[in-house]
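I have placed the structure first, in the form of structure tokens, so that the comments after it can refer back to it.
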Amino acid sequence: MAFILTFLGKGGTGRTTCAIAAAKKFAAQGKRVLLVGQDPTPAFGLALGTTVGVDPQEISANFSAVQLQTTTLLERSWEEVKKLEAQYLQSPILKNVFGQELTIFPGLDQLLALNALREFDSRYDVIIYDGAGNQDTLRLLGTPETLSWYIRRFRQVFIDSDLGKTVSMLIQPIAAAIFTNNNFVGDNFAQPTRQANDLLDQGKQAVNDPKRMAAFLVTTEDEAAIASAKYLWGSAQQIGLTVAGVLCNRSSDASAVSEAFQTLPISAIPVQPVNDWQSLIDALPELDHTSEAPRPIAVNVAERKVSLFLPGFDKKQVKLTQYGTEITIEAGDQRRNIDLPAPLRGQPVTGAKFQDGYLIISF
């Protein structure tokens, strides 16, 4: 399994340059590194200094790169969908629909990119993901938790409805006529549902584990860049992604941004001569030292408290609601549903306070 690292920040702060330098730094340590570029334009190849294709290609020792192209990813994924359909259905209906015909709808590029990261995961020691670096990247990485919530929430809503109760009696005879796997029919779709949930759980665990996935904020001394990075810091906490530090780019003094990012280690990245990668590499911190970073969420069952670290937001921007066994936290433009541990599940919230960047919820 790879350690996945991404960079968050306002456009123009040098995220791609930092991503390339990070890839070179890890490769020099002898780790197998893949740099994944989400930008399909020639800009990615120009920054890297070479043309990059849709399949990983070796740039130098231990260092490979790939430039994601959504149309290619869609064609390949569609073929996998058709194989699954042929495996389960007695009369496949998608065999005459071809991936080359399909067009891209909004958001599909992110889902395909996430699937590509999953497929690359076992082949490298480190994956550097150079995405949009904004809320789109965070929503991409938060997809496993989001989909998991939709599955468990709407599945239960359907089961509890009159329609669900009626349809459930018809599922087995209908499925027996459609599906090829009798075991699959017998447990009323539990097998594929379980497989999907297991896959989503693996994704959630990876995002929430700082040894598996982390982000660094990239900013300059510009006020708008600092504000954007701080906002993304708080938003990253909402998906459980650990932010391990700040890179203050084009600066020789990190004190200019230290007040905005208290509790995070800050590294000043001076202006580098063109193509002087080694100086930039030397200025980077140890990017895989992430275990000491502030954790996004802490659950204390004994004290019946849940603490969420939400830097960059004030009390007026944070909203807490409770529905059934879960609580929903809204901060800025990000929303998170927290599935509570068994001792706290279903217990009413008795108090909440916002203190030093933490939302502390009592039960």
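The values are calculated or read from the model by the stated rules, or taken from the named source; none is laboratory data. Predicted model only: the values in this text are computed from it and were never measured. Here the Cβ positions follow ideal geometry from the backbone for every residue, glycine too, while neighbour counts run over all protein chains shown. Keep in mind that these areas ignore ligands, DNA and RNA; they rest on the heavy atoms of the full protein, side chains included. Shrake-Rupley method; radii C 1.70, N 1.55, O 1.52, S 1.80 Å.
Miscellaneous remarks
- Order of exposure, largest accessible area first, which applies to Leu147, Leu68 with probe 1.4 Å: Leu147, Leu68
- Debye log10 I(q)/I(0) at q = 0.16, 0.23 Å⁻¹ for the stretch 249-320, Cα point scatterers: -0.79, -1.12
- If the segment from Gln355 to Glu221 were pulled out straight at 0.36 nm per residue, it would be longer than the present Cα-Cα gap by 45.5 nm.
- Percent carbon-and-sulfur accessible area, the stretch 195-314, ignoring ligands, DNA and RNA, probe 1.4 Å: 47
- Cα-Cα over 21 Å, subset of Lys10/Lys230; Lys230/Lys316; Lys204/Lys315; Lys211/Lys353: Lys204/Lys315; Lys211/Lys353
- FRET efficiency estimate (nearest 0.05) - Cβ-Cβ, Glu292 to Thr72, R0 30 angstrom: 0.15
- Calculated from backbone phi, Karplus (6.51, -1.76, 1.60) coupling profile of the stretch 226-231 in Hz, x at Gly/Pro: 5, 5, 5, 5, 5, 5
- Distance histogram in 10 Å bins (all Cα pairs of the stretch 281-361, percent per bin): 15, 45, 25, 10, 4, 0
- The stretch 253-295 pair-distance distribution - Cα-Cα, 5 Å bins, rounded %: 5, 19, 22, 21, 19, 10, 4, 0
- A 1.4 Å probe run over the protein chains yields, for the stretch 215-260, 31 Å² of accessible area per residue, whole-number rounding.
- Within the assembled protein chains, the solvent-accessible surface assigned to Val54 is about 50 Å², based on a 1.4 Å probe.
- Note on the stretch 315-363: Cα-Cα pairs beyond 14 Å make up 50% of the total pair count.
- Surface calculation, 1.4 Å probe, protein heavy atoms: Arg139 sits at approximately 100 Å² accessible.
- Solvent-accessible surface (1.4 angstrom probe) belonging to Phe154, in square angstrom, nearest 10: 110
- Residues whose amide H comes within less than 5 Å of that of Gly245, counting only those at least five positions distant or on another chain, are Leu217 (H built at 1.01 Å from N in the peptide plane).
- Note on surface exposure: Lys315, Lys305, Lys353 rank Lys315, Lys353, Lys305 by accessible area, highest first, 1.4 Å probe.
- For the stretch 263-274, 3J(HN,Hα) computed residue by residue from phi via the Karplus equation (6.51, -1.76, 1.60; θ = phi - 60°) reads 5, 9, x, 10, 10, 7, 10, x, 4, 10, x, 4 Hz, glycine and proline entered as x.
- Derived scalar couplings ³J(HN,Hα) [the stretch 46-55; Karplus, 6.51 cos²θ - 1.76 cosθ + 1.60; whole Hz; x for Gly, Pro]: 5, 5, 7, x, 7, 6, 10, x, 7, 10
- These residues, Tyr124, Tyr150, go from largest to smallest accessible area, 1.4 Å probe, as Tyr150, Tyr124.
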